[in-house]
Amino acid sequence: MPRAFACCEAINRLPYSDQDAIRRAWSELTGRPIDERFHLVPPVHSDHGLKLRVGANVFINHGCTLNDMGGIEIGGDSMIGPNVSLLTTGHPTAVADRRAGITVAPIHIGANVWIGGGATVLGGVTVGDGAVVAAGAVVSRDVPPATLVAGIPARAIRSLD
């Protein structure tokens with residue numbers, strides 16, 4: 001965690017206009033090269049970093065929390081709105097177990113996905129290719145491809161063409 005926090009602090013000091021430096025810092029955070037079309041608007045927060053995988057031409061807006069201990073994959077051409085939370089960890093619900101450990105499950109975001117501002121995607125969820133998650137939605141179940149979901153909890157609103 002301290003390594004990821006330090007990397008995020010470094011990213012968060014960079015101006016949006018210096019995307020080359022942001023991409024270099026992102027590569028340090030994730031431990032892998034990043035596509036030259038990747039765009040990030042700082043600030044961003046991550047608790048691990050090394051379990052983030054981002055496809056080509058991804059845009060991540062400001063204020064996002066990428067709690068990636070369980071692994072987060074974001075497919076190419078996806079857009080993540082401001083203040084989105086992708087949360088792969090949690091705590092057991094039983095009171096006696098809550099402080100004893102964490103629960104971990106990956107998040108898979110398909111290609112050409114748009115996640116609207118303030119949405120939250122929980123661990124264990126797959127968002128299918130071409131789907132849209134409406135602003136403010138809380139996604140606790142898989143989202144089929146080419147589907148618009150909204151609400152708390154998120155529910156399918158309609159298919160997208």
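Couple of notes before you dig in:
- As for region 94-102, it holds no residue that is β-branched (Val, Ile, Thr) and either in contact with a helix residue (DSSP H, G or I) (Cβ under 6 Å, 6 or more places away or on another chain) or part of a strand (DSSP E or B) (or both).
- Residue within region 73-81 that is among the aliphatic types (A, V, I, L, M), touching a residue at least 24 places away in the same chain (Cβ under 8 Å), assigned to a strand (DSSP E or B) and crowded, with 22+ Cβ neighbours inside 10 Å present: yes
- Among the candidates Val113, Val84, Val54, Val41, the residue that is over 23 Å from Leu148 (Cα atoms) and either of a type outside the set (Asp, Glu) or buried (at least 18 other Cβ atoms within 10 Å of the Cβ) (or both) is uniquely Val41.
- Exclusive hit being touching a Lys or Arg at 6+ places or on another chain (Cβ under 9 Å), over 21 Å from Leu40 (Cβ atoms) and buried (at least 19 other Cβ atoms within 10 Å of the Cβ), set Val125, Val139, Val143: Val125
- Options Val104, Val132: the member that is over 11 Å from the mean Cα position of the chain (by Cα) and buried (at least 17 other Cβ atoms within 10 Å of the Cβ): Val132
- Test: Glu36 is part of a loop (DSSP other than H, G, I, E, B), surrounded by fewer than 20 Cβ atoms within 10 Å (Cβ to Cβ) and not hydrophobic (A, V, I, L, M, F, W, C): yes
- Selection status of Gly49, buried (at least 17 other Cβ atoms within 10 Å of the Cβ), modelled with pLDDT of 95 or more and on the phi > 0 side of the Ramachandran plot: yes
- Members of region 51-72 that are of a type in the set (Lys, Arg) and either over 15 Å from Gly123 (Cα atoms) or in a strand (DSSP E or B) (or both): Arg53
The values are calculated or read from the model by the stated rules, or taken from the named source; none is laboratory data. None of the values given here were measured: they were computed from a predicted structure. Quick reminder, even Gly has a Cβ in these numbers, built from the backbone with ideal geometry, and neighbours come from all protein chains shown.
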